[in-house]
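*Asks:* Here it is: the structure, laid out below.
Every number here is computed from the coordinates shown, using simple stated rules; none is lab data. Computed from a predicted model, the values in this text were never measured in an experiment. Cβ placement follows ideal geometry from the backbone for every residue including glycine, while neighbour counts extend to all protein chains displayed.
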Amino acid sequence: MNGGDLSAQGPVIPKFQEGSECIRENGQFCWGWFQSNFDSVFVPRIVEHIELTVIAVGIGLVIALVAALFAYRYGWFDTPFTIFSGFLYTIPSLALFQLLVPITGLSWTSAEIALVSYTLLILFRNILTGLRDVPDEVKEAARGMGLTSGQMLTRVELPLAMPAIMAGIRIATVTTISLTTVAAFIGAGGLGQPIFNALQGGFKTQFVASGVLAVLLALVADGALVILQRVLTPWARARVRTA
Amino acid sequence: MQTFVDALKFIADNPGLFWEKTIDHLTLSGAAVAVALVIAIPLGVWLGHIHRGSFIAINAANIGRALPSLALISIGLGILGVGFLNVLVAMVILAVPPMLTNAYVAVDGVDQDAVEAARGMGMTPLQVLLHVELPLALPLLFAGIRTSTVYVIATAALASIAGGKSLGDIILNQPTYGFAGVIGGAIAVAALAFAAEGVFALVQRAVTPRGLRDERAGRLIGPAIEGV
């Protein structure tokens, strides 16, 4: 439990706080409480949230990239991997987190396994679509210039697939930020934790603050990735590919 | 593994509980999907028909995806308090974007030659919409409804923290139902999501005009994630 500890039955007054009127009446949003508790209650959770998300998307990207490259070479692999990752994607998050508990415990590992499995379908589909959309003429030209298949991949196919790949990373990141809030139910931390903690006492400010911060985090990440996408693929600006 | 066996045993021993919570779960999800349908489909179809508002329709999906379901429920807890209304509002907000975007993209993307031909045959705009655009748009439009519904079923489990009755009541109430109950509830929610996905896949196939089946079959596997 963190600084937002609330006594289970009593009035919803956070500890160590000479209750302002807003807090005593459990107002919808007590700005003063939020300001004075931001550093202790929310900052560590935001950091955890970002860590969980970045690691999940990173691992998911590696797995999906390998799978997509394999499926690009060997077409038969596409369908089974799509079905497998689609299967994982369909399991409701609360259920998947809980189902992993008997296997990997109430742990960070359980949270990451679930989060990674949700990124796979999105990343795999987008990387593979991006690679397959590379025009044949371009590949012919590259081959005509004497590029080996390894050079083709790194200098032609992957760069041209970049807008689609970035769109996938963007969707996967935002989705993961959303799902990470649920990871708190198995004790993995993140911005879901203060929501979960506030359930016992019903302290409204903590509900609203955690929720708004999670939404803001998702929107900021989305915006940052759009900018990154533009920087990485300046040539694609003309034909914007909204994900 | 023993845990899973215990969980299945728990389900078998408490069929009444699971039946009741499943009905609650479906009622809550159904209400949210119904409200979202009424809002999103007419708007999306209309915007697609007049080929306007692509910015709103496409970005609805992007913004919708950026809204964490638990965060919305949590904000609702603070503002609307515990209860059905809070949960319904949060779930409708989550269900609208995929439906809206797909309805727009589906109708907007109908082959313009077909629309021109229909117009040339003397159809009124309404006839064009009802007899040409909608049938051709139906598979993609339906894919949006399917994505939303599966999403809503997943979210309904979380709604239990805010007083929405669902299978989440079992998952989130370890003191009452024990760990076997928690896992049993999780299995039930997952099964429900798969059942919904399966039923929708069949219905989607049924509503796809025969001529479109082969051509579009590949696009319709799984949720519509690429923004279509």
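*Asks:* State the Cα centre-to-centre distance between segment B:1-59 and segment A:53-83 in whole Å.
*Replies:* 28
*Asks:* Arrange B:K165, A:K139 by Cβ neighbour counts within 10 Å, fewest through most, would you?
*Replies:* Sorted ascending by nearby Cβ count, the order is A:K139, B:K165.
*Asks:* Read phi for every residue in segment B:186-197 and hand back ³J(HN,Hα) as whole Hz from Karplus 6.51 cos²θ - 1.76 cosθ + 1.60, θ = phi - 60°, with x for Gly and Pro.
*Replies:* Result, ordered by residue: 5, 4, 5, 5, 4, 4, 5, 4, 5, 4, 4, 4 Hz.
*Asks:* By the gyration tensor of its Cα atoms, with a ≥ b ≥ c the square roots of the eigenvalues, what is the shape of segment B:2-220: rounded for a/c under 1.5, prolate for a/b over b/c, or oblate?
*Replies:* Verdict is prolate for segment B:2-220.
*Asks:* How are the C-alpha pair distances of the protein assembly as shown spread across 20 Å bins, as whole percents from the shortest bin up?
*Replies:* P(r) for the protein assembly as shown, in whole percents per bin: 23, 54, 21, 2.
*Asks:* Quick one: what are the phi-derived ³J(HN,Hα) couplings along segment A:211-227, Karplus 6.51/-1.76/1.60 with θ = phi - 60°, whole Hz, x for glycine and proline?
*Replies:* x, 5, 4, 5, 5, 4, 4, 5, 5, 5, 4, 4, x, 5, 6, 4, 5
*Asks:* Tell me the mean residue ellipticity at 222 nm calculated for chain A from its helices only (DSSP H runs of n ≥ 4, each -39500 (n - 2.57), averaged over every residue, nearest 500).
*Replies:* That calculation yields -22500 deg cm²/dmol at 222 nm.
*Asks:* Also: Given the peptides A:220-231, A:145-156, arrange them by the average over their residues of other C-beta atoms within 10 Å, most packed first.
*Replies:* The peptides rank, most packed first, as A:220-231, A:145-156.
*Asks:* Per-residue mean of other chain beta-carbon atoms within 10 angstrom of the beta-carbon, peptide A:170-177?
*Replies:* What the average comes to for A:170-177 is 3.
*Asks:* OK, next. On each of the three principal axes of the Cα atoms of segment A:108-176, give max minus min coordinate, whole Å, ordered largest first.
*Replies:* The Cα atoms of segment A:108-176 stretch 49, 18, 13 Å along the principal axes, largest first.
*Asks:* Got a sec to turn the phi values of segment B:134-139 into Karplus ³J(HN,Hα) couplings, 6.51 cos²θ - 1.76 cosθ + 1.60 with θ = phi - 60°, whole Hz, x for Gly and Pro?
*Replies:* With coefficients 6.51, -1.76 and 1.60, one gets 4, x, 6, 7, 3, x Hz.
*Asks:* Between A:D136 and A:W31, with labels modelled 7 Å along Cα→Cβ, what's the label distance in nm to one decimal, could you check?
*Replies:* Between A:D136 and A:W31, the label points sit 6.4 nm apart.
*Asks:* What's the Kirkwood radius of segment A:25-237 in Å, using all Cα pairs?
*Replies:* Evaluated on segment A:25-237, it is 19.0 Å.
*Asks:* What are the extents of the Cα atoms of segment A:113-153 along their three principal axes, listed from largest to smallest and rounded to whole Å?
*Replies:* Its Cα atoms span 44, 17, 6 Å along the three principal axes.
*Asks:* Stretch B:A117-B:V5 to full length: gain in nm at 0.36 nm per residue minus the Cα-Cα span?
*Replies:* Gain on stretching B:A117 to B:V5: 34.2 nm.
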